[in-house]
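Taking it in order: structure first as structure tokens, then the write-up.
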Amino acid sequence: MLMKLTSRSVSLVPIVSTVAAVALGATLIVTATANAATTLGAAAAQSGRYFGTAVAASKLGDQTYVNLLNTEFNMVTAENEMKWDATEPNRGQFNYSGGDRILNQAVSNGKRVRGHALLWYQQEPGWAQRMEGSDLRQAMMNHVTQVATHYKGKIYAWDVVNEAFADGGSGGRRDSNLQRTGNDWIEAAFRAARAADPGAKLCYNDYNTDGVNPKSTGIYNMVRDFKSRGVPIDCVGFQSHLTNNPPGDYQANLQRFADLGVEVQITELDIAGNQQANAYGVVTKACMAVRACAGITTWGIRDTDSWRGGENPLLFTGSGAKKPAYTAVLDALNAGGPGPTTTTTTTTTTSNGPGPGPGDCTATVSLNQWAEGFVATIKVTAGSAALHGWRVTTTLSNGTVTNSWSANRSGTSGTVSWTNVDYNANVPAGQSTEFGFQGTGNGSGLNPSCAAS
């Protein structure tokens, strides 16, 4: 869209597995499909994905809103509170109160957070709107560095740059004061973000890119160039503000980006029109069919929360009732897609009795393997006492880690060690947190071991 001041689609049959008794510290191999989940976040998590929503800090006092947020979603995006005008209203003077409120609410309820957005030609603070050239470039890079540093270790993925490509048939960049600082500004922003927070995934995000068209192809060419030159880009966000069904090549478009070696994320989904339920199902199934599609975020919770006033494009009514589109999404998530193929559990313990004791933890890995590479999601579960820090060790004999998230990493192949970041250090007794990584080659035989630290 041209203006987005609030900027911000088979029943499973259980398989019974038999697990033999093993000695202390042995490895358990479990293969099973999950029972149908009853919430969006839980249904997405069955295939290692997320289902999230955009959140406004001003609505966190609305109990219906908060109940739906806490129950249904496992990823949160700040709607406006992490944008440039909110976080740096005066040059060099930063205000993180709104973003911190959303992040703290999310983390305290076991959710991860997407950061949105470090640089966007809209919602620049007034002082930046009046700037040009090298002075603006310096201010841009400082902003990226300061905000990403403030949230270091707390953000799953950043929309580093938002909506930098023009609509129409050229496939070129949008004219803006950011673009006029030099054509390398997007690359510079990604490099600055990586330096400030090496653990966060770095995404480019845009709209009207749902099918193969000149705009999406322009972005595709940029991503391909970045990957060839080692510019740190990990993901591409597809906003998918739709009316009725997406283009017929929606899934193919997601897949062509995934084939470049980046994760794809549906970042701002809302769908209006009389085919809403079917369209939401089509979008969700497309994500489930693309291994590198990490998850879906709707741009708001209830129709009354949407920036598309009067179009009723979301999954819940204003009163919080589930719409037919909700059921279409839940069914598609529960039907599954290319998901975990192997789950390996390794238990480490310092106690003499069976199973994990106080201060102990287990680590399980869900591995999505394809011909050229893999994505591994590691779940860390506390034993009978809370964790206040953890370390996981994996063995990667025939592969190489290319990027990771939600953990600090030591090494890229062979024995690789992982430690918590700030927001997932504290794990209540019996509860879990996750981190993940992507790699080339073969990810089998990771054999994760976990220890409290």
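The values are calculated or read from the model by the stated rules, or taken from the named source; none is laboratory data. A quick note: this is a predicted structure, and the numbers were derived from the prediction, not measured. Positions of Cβ are generated from backbone atoms using ideal geometry, with glycine treated the same way; all protein chains shown enter the neighbour counts. These area figures cover heavy atoms from the full protein model, side chains too; ligands, DNA and RNA do not enter into them. Shrake-Rupley method; radii C 1.70, N 1.55, O 1.52, S 1.80 Å.
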message: Exactly one condition in (1) of a type outside the set (Lys, Arg); (2) open to solvent by less than 50 Å² (accessible area, probe 1.4 Å); (3) not in a strand (DSSP E or B) is false for Leu118; which is it?
response: (3)
Checklist (1) out of contact with any helix residue (DSSP H, G or I) (no Cβ under 9 Å at 6 or more places or on another chain); (2) closer than 14 Å to Leu60 by Cβ applied to Gln129, failing item: (2)
- prompt: Residues of the range 264-281 being in a helix (DSSP H, G or I) and open to solvent by 20 Å² or more (accessible area, probe 1.4 Å), which ones?
  reply: Gln276, Ala277, Asn278
message: I'm trying to understand the selection: among the residues of the range 382-398, which are open to solvent by 10 Å² or more (accessible area, probe 1.4 Å) and under 15 Å from Gln369 (Cβ atoms)?
response: Ser397, Asn398
message: Here is a check on your reading of the model: is Ala148 open to solvent by less than 20 Å² (accessible area, probe 1.4 Å) and closer than 23 Å to Phe94 by Cα?
response: yes
statement: The residue from Gly218, Gly199, Gly230 that alone is touching a strand residue (DSSP E or B) at 6+ places or on another chain (Cβ under 8 Å) and modelled with pLDDT under 95 is Gly199
